[in-house]
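What follows draws every value from the coordinates through simple rules; no lab data is involved. Because the structure is predicted, anything quoted here is derived from the model rather than measured. Here the Cβ is made from the backbone with ideal geometry for all residues, glycine too, and neighbour counts use every protein chain on show.
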């Protein structure tokens with residue numbers, strides 16, 4: 001009976017193609033609905049087409065700086081629409097992104113940068129002075145637009161498969177030093193597709209992205225909406241009061257949200 005239950009739960013034969021990775025499924029959506037809103041932040045919005053083109057341009061800049069398969073790119077930026085550009089750009093370039101919370105202590109950030117073997121740090125000029133920069137680490141500020149805004153807005157041709165890494169996420173370190181967990185594209189796309197099916201996510205949905213990008217569960221919170229035509233509302237770096245959160249959820253017609261239990 002237990003074996004039968006496990007067989008029913010096993011979705012390894014679910015209908016998805018391992019040849020289409022998360023960033024490619026997003027690009028498919030961008031081609032289908034370029035004018036639909038993808039990301040909302042404060043008063044700013046990015047359509048699917050705008051987000052895709054900006055990510056493509058930044059991806060070409062990353063490739064020119066040596067980013068490719070298995071190359072780790074640390075991302076330490078304020079919460080904003082631009083951070084979506086950064087995540088997608090690293091994936092499109094074929095690299096592996098390592099999300100860092102800029103509110104973490106410097107010692108912890110330094111440890112994560114060194115332990116992940118990051119070769120490039122993608123950041124913003126407003127927070128760069130606060131970050132520890134190991135010797136030999138190249139730094140690119142995303143707001144220095146002349147560095148990448150003139151690049152082609154067509155998708156780069158990064159050869160990846162399901163075994164290549166998509167990102168490295170760090171545990172809390174509550175049992176010792178934080179540990180980097182490597183997440184490959186194949187399991188990731190399977191999980192993201194299954195999440196969209198379970199939530200029945202579609203173009204009329206909007207997910208409130210509330211938790212830190214340094215938390216693993218937060219990444220399905222932007223990936224699965226963007227491959228299903230939905231939008232993502234990103235909280236800023238302040239911790240919203242419950243009343244303000246409620247107001248924003250109604251203002252932006254939020255249909256999905258994930259919160260820490262204590263909140």
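Please tell me the relative contact order of the chain in percent, rounded to the nearest whole number, where contacts are Cα pairs under 8 Å and at least six residues apart.
Averaging sequence separation for qualifying contacts and normalising by length gives 21 percent for the chain.
Using only alpha-carbon positions, what ratio does the radius of gyration of the chain give when scaled by 2.2 N^0.38 Å?
0.99
When 206, 117 are ordered from fewest to most other Cβ atoms inside 10 Å of their Cβ, what list results?
Ranked by crowding around the Cβ, least crowded first: 117, 206.
Label points 7 Å out from Cα along the Cβ direction at residue 126 and residue 179: separation in nm?
My value for the distance between the label points is 3.6 nm.
Quick check: pseudo-label points 7 Å beyond the Cα along Cα→Cβ at residue 143 and residue 200, how many nm apart are they?
4.3 nm
Residues of segment 192-215 with amide nitrogen under 20 Å from the 7 Å Cα-to-Cβ point of residue 248?
Within reach of a label on residue 248, which here means backbone N under 20 Å from a point 7 Å along Cα→Cβ, segment 192-215 contributes 205-215.
For the residues 28, 107, what sequence is obtained by ranking on other C-beta atoms within 10 Å, fewest first?
Final ranking by Cβ density, sparse to dense: 107, 28.
Just to confirm my numbers, what's the Cα centroid distance between segment 213-250 and segment 125-143 in Å?
Computed from Cα coordinates, the inter-centre distance equals 26 Å.
What is the order of 179, 92, 40, fewest Cβ neighbours within 10 Å to most?
Fewest to most other Cβ atoms nearby, the residues stand as 179, 40, 92.
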